[in-house]
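Data first, discussion second: the structure below is written as structure tokens.
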Amino acid sequence: MQQHPDRPRTYKTEGVVLRHSSSGEADRVLAIYTIDYGTIHVVGRGLRRAKSRLTGHLEPLSHVALQLMRGKGIDIVTGADTLHGHASLRNSLEGIARGLVCCEMVEAFAPEEHPNPELYKLLLDTLAQLNEGEGDRLLWHFAFHVLRVTGYMPELQQCVVCSNAVQPDEHLFSPGLGGVVCLNCAKDGDPAGPHERAGAPLLPLSLNALKVMRYFRDNPYEAVQSLNVDGDLAGELQRVLGGYIHYLLEREVRSSTFLAGLSRLLPTGP
Ligand SMILES: [Zn+2]
């Protein structure tokens, strides 16, 4: 862990607890997505002891106000107050799983120590909506917008090979090239043949799926809520967007440890 000369010896911020792990007899190391510093890793001393006054405030999914102190190597939590515990979300395993997917997605795509207020707001808004009972469709919307605000939004307007505007037609999607490939480019020009480009398979992308992806990208969740995404279309979106996220995590972001946890957003089969 590096030192952060830009921070005073003691400082305050707020954030969402993404994850914690045990450290020594009684401590926990926490990954927290903060509004001021992006993801930080800090230690909560004595956090695993029931009598610690921090206990209960620093659970994953909690939105907390924090007081911290610079430490040798890793900063130390000296105070924490819950701003929003997302209690309803915690009432079901389903809710917890959805919330943790959001946390994992943020930890995977947000570079450490880089604040991103847009991503921070997106995470808070999404946890609040999940807490109100929203389901998997919100997760898809969240995934699109994490890609958008971290600079990984796939190209959906023009072919990533020939740069021609995408016509209303069936197309292919290249996770490796990060966007739509037109049928002309899929047919010729690549020695690997029509099913592969840049070392990654080309996935079929129907016109409907392309429209839905653009709609997710361009609209707030309130508009997406009423969209009719049936079984086949949902499966296709999962293959395309999930395949893309899978590719990014393996090849670009190199956070393959997150892949297991993100299974909810990833394709389940061929
Ligand atoms: Zn093309």
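The values are calculated or read from the model by the stated rules, or taken from the named source; none is laboratory data. Just so it is clear, the model here is predicted, and its values are computed rather than measured. Positions of Cβ are backbone-derived with ideal geometry, glycine not excepted, and every protein chain shown enters the neighbour counts.
Taken over the stretch 38-67, residues that are buried (at least 21 other Cβ atoms within 10 Å of the Cβ) and either part of a loop (DSSP other than H, G, I, E, B) or small (Gly, Ala, Ser) (or both) amount to 6.
Each residue in the stretch 17-73 was checked for being in contact with an Asp or Glu (Cβ under 6 Å, 6 or more places away or on another chain) and farther than 23 Å from residue 100 by Cβ, and 2 of them qualify. Does at least one position in the stretch 26-48 carry a residue that is touching a Phe, Trp or Tyr at 6+ places or on another chain (Cβ under 8 Å), closer than 30 Å to residue 138 by Cβ and among the aromatic types (Phe, Trp, Tyr)? Looking through the stretch 26-48, at least one residue is touching a Phe, Trp or Tyr at 6+ places or on another chain (Cβ under 8 Å), closer than 30 Å to residue 138 by Cβ and among the aromatic types (Phe, Trp, Tyr).
Here is a list: 62, 23. Which entry is at pLDDT below 95 and either more than 27 Å from residue 130 (Cα to Cα) or within 17 Å of the chain's Cα centre (by Cα) (or both)? Can you show your working first?
Working: 62 fails: at pLDDT below 95.
After ruling out the rest, the residue left standing is 23.
Among the residues of the stretch 156-189, the one identified as of a type in the set (A, V, I, L, M, F, W, C), surrounded by fewer than 13 Cβ atoms within 10 Å (Cβ to Cβ) and more than 8 Å from the ligand (Cβ to nearest atom) is 165.
When you look at residue 89, is it buried (at least 16 other Cβ atoms within 10 Å of the Cβ), out of contact with any Gly (no Cβ under 8 Å at 6 or more places or on another chain) and in a helix (DSSP H, G or I), yes or no? Even if it seems obvious, please write down each step before you answer.
Numbers: buried (at least 16 other Cβ atoms within 10 Å of the Cβ): yes; out of contact with any Gly (no Cβ under 8 Å at 6 or more places or on another chain): no; in a helix (DSSP H, G or I): yes.
It is false that residue 89 is buried (at least 16 other Cβ atoms within 10 Å of the Cβ), out of contact with any Gly (no Cβ under 8 Å at 6 or more places or on another chain) and in a helix (DSSP H, G or I).
Looking at the stretch 144-153, can you tell me whether even one residue there is free of Cβ contacts under 8 Å to residues at least 24 places away in the same chain, out of contact with any Cys (no Cβ under 9 Å at 6 or more places or on another chain) and more than 25 Å from residue 226 (Cβ to Cβ)? Scanning the stretch 144-153 turns up at least one residue that is free of Cβ contacts under 8 Å to residues at least 24 places away in the same chain, out of contact with any Cys (no Cβ under 9 Å at 6 or more places or on another chain) and more than 25 Å from residue 226 (Cβ to Cβ). Applying a threshold of 9 Å to beta carbon distances and a minimum spacing of six or more residues, or different chains, the list of pairs starting in the stretch 107-135 at a residue that is closer than 24 Å to residue 93 by Cα and ending at one that is among the polar types (S, T, N, Q) and part of a helix (DSSP H, G or I) reads 108/257; 130/88; 131/88; 132/88; 133/88; 134/126.
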